[in-house]
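Shown next, in structure tokens, is the structure this report addresses.
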Amino acid sequence: MADKTLIKLFDGKQVRIVWNEKEEKYYFAVADVVQVLTDSEDVKQYIKKMRARDPELNSNWGTICTPVEMLAPDGKHRKITASDLKGIFRIIQSIPSKKAEPVKKWLAEVGAQRIDQMIDPELTFQMAVEDYRRQGYSDRWINERMRSIEMRKELTDEWHRSGIHEPKDFAILTNVLTKGWSGMTTGEYKRHKGLTKQNLRDNMTNVELALNTLAEVATTEISKERNAQGMKESRQAAQAGGRIAKNTRDDLERQLGRTVISSERASDYIRPIEQTDTKD
């Protein structure tokens, strides 16, 4: 399952959503959708009663719903009962609400939005830019982040070509590359910044992002030039790419007289922006 929870708003109420890359579909938090439709003060009890009065829905609940890791109200990631678009539509059928049709239309638009992004990847970048702006990131940082996303995609494509397909192997190679220029694995780097579930790159400074991107670009080009095959040769390319970025870091730090590895995270340096949007 995707590990990043999206928060979409309908009529001022939050609906948690995650995108499953493998299945290429969204999963919606059932409780959030029910809350939007019913304004119930006790959503869990409403769902329990809803299942009791709809035996067919109840008997297929385990098929319609699945636990998905999402952001919980306490700020931690937990397994939340969720359903894909088809399942959510079935649940909506059991809820007498004047909002049913508007919610169905909204949910369908959310799903269609992702399909549009897959057809036209530029839309994904445009949406990412707007999301980062809403969070308060500077345009300079956003430009660097967009470049890093593009370069990361080229690197993962190259790893696929070299025969790397398992997520654990991607993580190993990423650690090799990251440690090569920063002196820390991604896990150690996140701890250095006091991060848990947050994305490391979303919490890097402009300089850190630039160095990380340099390491990935160098690794990609070295791997292509060597026609790397398999884990051993891909690791060697990642080590070489990391060293190139490390050399650049060392030169910069000599000029500055200080380290460029920061313990700051995004919340320490992005400008606050008031959330005035009532739509997504």
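The values are calculated or read from the model by the stated rules, or taken from the named source; none is laboratory data. It should be emphasised that the depicted structure is a prediction, and the values quoted were computed from it without experimental measurement. All Cβ positions, glycine included, derive from the backbone under ideal geometry; neighbour counts span all protein chains shown. Side chains are part of the model used for accessible areas, which takes the heavy atoms of the whole protein and leaves out ligands, DNA and RNA. Shrake-Rupley method; radii C 1.70, N 1.55, O 1.52, S 1.80 Å.
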Just give me the residues in the stretch 8-30 being part of a strand (DSSP E or B), touching a residue at least 24 places away in the same chain (Cβ under 8 Å) and of a type in the set (A, V, I, L, M), in sequence order.
LEU9, ILE17, VAL18, ALA29
Residues satisfying the stated conditions in the stretch 194-213, i.e. over 15 Å from TYR137 (Cβ atoms) and among the basic types (Lys, Arg)
LYS197
Residue within the stretch 73-85 that is charged (D, E, K, R), open to solvent by less than 80 Å² (accessible area, probe 1.4 Å) and not in a loop (DSSP other than H, G, I, E, B) present
no
Number of the condition not met by ASN227 [criteria: (1) open to solvent by less than 60 Å² (accessible area, probe 1.4 Å); (2) touching a helix residue (DSSP H, G or I) at 6+ places or on another chain (Cβ under 9 Å); (3) at positive phi]
(1)
Taking the stretch 53-72, which residues are assigned to a strand (DSSP E or B) and surrounded by fewer than 14 Cβ atoms within 10 Å (Cβ to Cβ)?
PRO67
Residue by residue through the stretch 195-247, note down the ones that are out of contact with any Leu (no Cβ under 7 Å at 6 or more places or on another chain), closer than 22 Å to SER262 by Cβ and charged (D, E, K, R).
LYS197, ASP202, GLU208, ARG243, LYS246
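So, ILE261, is that one open to solvent by 40 Å² or more (accessible area, probe 1.4 Å) and either within 26 Å of GLU154 (Cα to Cα) or hydrophobic (A, V, I, L, M, F, W, C) (or both) or not? If you could, list the steps in order and put the result at the bottom.
Details: open to solvent by 40 Å² or more (accessible area, probe 1.4 Å): no; either within 26 Å of GLU154 (Cα to Cα) or hydrophobic (A, V, I, L, M, F, W, C) (or both): yes.
So ILE261 fails the test.
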Taking the stretch 130-154 as the search range and keeping residues that are closer than 17 Å to THR174 by Cβ and aliphatic (A, V, I, L, M), which one is modelled with the highest pLDDT?
MET151
Determine whether the stretch 44-66 contains at least one residue that is closer than 15 Å to LEU6 by Cα and free of Cβ contacts under 8 Å to residues at least 40 places away in the same chain.
no
Quick check on my filter: what residues within the stretch 31-52 are in a helix (DSSP H, G or I) and open to solvent by 40 Å² or more (accessible area, probe 1.4 Å)?
GLN35, LYS44, GLN45, TYR46, LYS48, LYS49, ARG51, ALA52
Could you check the stretch 218-277 and list, in sequence order, the residues that are at pLDDT 95 or above, of a type in the set (Asp, Glu) and either outside any helix (DSSP H, G or I) or within 19 Å of HIS192 (Cβ to Cβ) (or both)?
ASP250, GLU253
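Residues that are open to solvent by less than 30 Å² (accessible area, probe 1.4 Å) and in contact (Cβ under 8 Å) with a residue 24 or more places away in the chain: which helices (runs of 4 or more DSSP H) entirely in the stretch 138-214 hold 3 or more of them? Step through it out loud before you land on a result.
Numbers: elements: 139-161, 167-182, 186-192.
Correct list: 139-161, 167-182.
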